[in-house]
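A short write-up of the structure that comes next.
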Amino acid sequence: MTPMVDLAFLLVTFFMLTTKFAPDETVVVDTPSSISDLKLPESNVITLTVDKRKRVFFGVDAPETKKLALQRVAAKYGVNFTAGQAKEFANLPNFGVPISQLGSLLDTPKEDRKQLNEQQPGIPMDSLNNQLIDWVLEARKANQALFKKPTYIAIKGDGMADVPTVQQVIKVLQERDINRFNLITDLENKPVAAQ
Amino acid sequence: MAEIQQKADSGGGGKKRAKKMSTKIDMTPMVDLAFLLLTFFMLTTTFAKPNVMQLTMPVKEKNEEEQTKLKESEAFTIIMGEANKVYYYAGMLSPESKPELKVTDYGPNGIRQVILDRRREQPKTVILIKPDDKAVYKNMVDILDEMNITNQKKYALVKISKADQDLIKESGL
């Protein structure tokens, strides 16, 4: 029995040292399926999540890019963030609030934030208050400055999300010459199409 | 590896007793195997990454003249409506001709068959995909997926026009 116990001990130690908890997603989105089997790139990805309540959430993978983008967008909108808030922001996977509410979101402790997620109104993208495009452009510039790599734009839409919102997101990006997108989908088997 | 121990006869009664045998199996090789398997998987698994479907939109030309003109004969329009209905007609919408609107669904005998039939008739067809405001995102992804499945290379995602919406209302499909 001793070798088995040794094995169990080794396993436990290994997992104790190496697990990282997955960050809590702000919103759960049920993506539609497609036959496409291209994989999402590992890094340098900006994710725009569209849920069925017409809310748009923004997220970018590297924490440093997040911090730099936060500084720049904050400067553009004249909002200040403390170092503590910036640190919290770097740990958020994505968010969907206008910049005016971002400060209070970052100040709420993690456990309470989960309840707030339901009420996040999404990032505004109407022509008068297009914060979404500012976030996207600053994140791209920040990623280029920090890592010298271009970013991929991934759109993660819920199957039941309405088409006009997604079209608006695409239009907002096209206006700034961003024409290549990746739509995140589940994998389905390719059916045979008889010619 | 394995051992069979025979219990010494304790000199019981005159009756013949079957000899009790106890077996001991050495578990070390099994544990070694488990350990090896585990190490192998610890070192080789990668988490499943989400799949993506690429969507490349054409660059918006500032000058209207520069955009390549689409021939009426080559165009084929697919409109995604509400409640998972797909409408289609050949050609583009123009004030003179009112094309006949037909309806189908997303199943394998629906829009896929329609696209394949159309390609057989007109190999140089260009498909215009117009999602209605009442369609859902899933419909849009499904149609783009059908483009991939049927190997349709020429297609464009365009905004639906009022004329198309009226066409659907009038046809009552």
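How large is log10 I(q)/I(0) at q = 0.13, 0.26 Å⁻¹ when the Debye formula is applied to the Cα atoms of the stretch B:77-171, each weighted equally and without solvent?
-0.39, -1.68
Between A:LYS76, A:LYS54, A:LYS66, which gets the highest mean-square fluctuation from a Gaussian network model of chain A, Cα cutoff 10 Å?
Largest GNM mean-square fluctuation: A:LYS76.
Quick one: Kirkwood hydrodynamic radius for the protein assembly as shown, alpha-carbon pairs, angstrom, one decimal?
Taking every pair of different Cα atoms in the protein assembly as shown, averaging 1/r and inverting gives 25.1 Å.
Give the calculated FRET efficiency between B:GLU170 and B:LEU36 to the nearest 0.05, with a Förster radius of 51 Å applied to their Cβ-Cβ distance. Let's see the in-between values first.
Numbers: r = 71 Å, r/R0 = 1.38.
That pair, B:GLU170 with B:LEU36, gives E of 0.15.
Under 14 Å from a point 7 Å along the Cα-to-Cβ line of A:MET1: which residues of the stretch B:22-38 have their amide N that close?
Output list for this probe position: B:27.
Over chain A, what is the relative contact order in percent, taking alpha-carbon pairs closer than 8 angstrom and at least six residues apart? Walk me through the numbers on the way to the answer.
Working: 248 pairs, mean separation 63.6, N = 195.
Value for chain A: 33 percent.
Could you state the per residue volume, in Å³, of the convex hull enclosing the Cα atoms of chain A?
On the way: hull volume 39.2 nm³, N = 195.
For chain A, the hull spanned by Cα atoms encloses 201 Å³ per residue.
Where in chain A are the DSSP H helices whose alpha-carbon span along the long axis reaches 15 Å or more and whose Kyte-Doolittle mean is at least 1.6?
Details: long enough: A:2-18 (24 Å, 1.79); A:63-77 (21 Å, -0.64); A:131-147 (23 Å, 0.09); A:163-174 (16 Å, 0.70).
The answer, listed by residue number, is A:2-18.
Can you tell me the dipole magnitude for the stretch A:2-100 around its Cα centre, using point charges on the Cβ only (Lys, Arg +1; Asp, Glu -1), in Debye to the nearest 20?
580 debye
To two decimal places, what compactness ratio does the stretch A:46-140 give when its Cα radius of gyration is scaled by 2.2 N^0.38 Å?
Details: Rg = 12.3 Å, N = 95, 2.2 N^0.38 = 12.4 Å.
Scaled against compact globular proteins, the figure is 0.99.
Can you tell me what share of the DSSP beta bridges in the protein assembly as shown is antiparallel? A percent to the nearest 5 is fine.
Values: 30 of 49 bridges.
Counting DSSP beta bridges with both partners in the protein assembly as shown, the antiparallel share is about 60 percent.
Please compute the length gained on full extension between A:GLN119 and A:ASP30, using 0.36 nm multiplied by the number of residues separating them and subtracting their Cα-Cα distance.
Contour length minus Cα-Cα distance gives 30.2 nm.
Given the options A:VAL12, A:LEU137, A:PHE95, identify the residue whose Cα lies farthest towards the positive end of the charge dipole of chain A (+1 on Cβ of Lys, Arg; -1 on Cβ of Asp, Glu).
Of the options given, the answer is A:LEU137.
Each value in this text was obtained by applying a stated rule to the coordinates, not by laboratory testing. What you see is a predicted model; the values in this text were computed from it and never measured. All Cβ positions, even for glycine, are placed from backbone atoms using ideal geometry, and neighbour counts span all protein chains on display.
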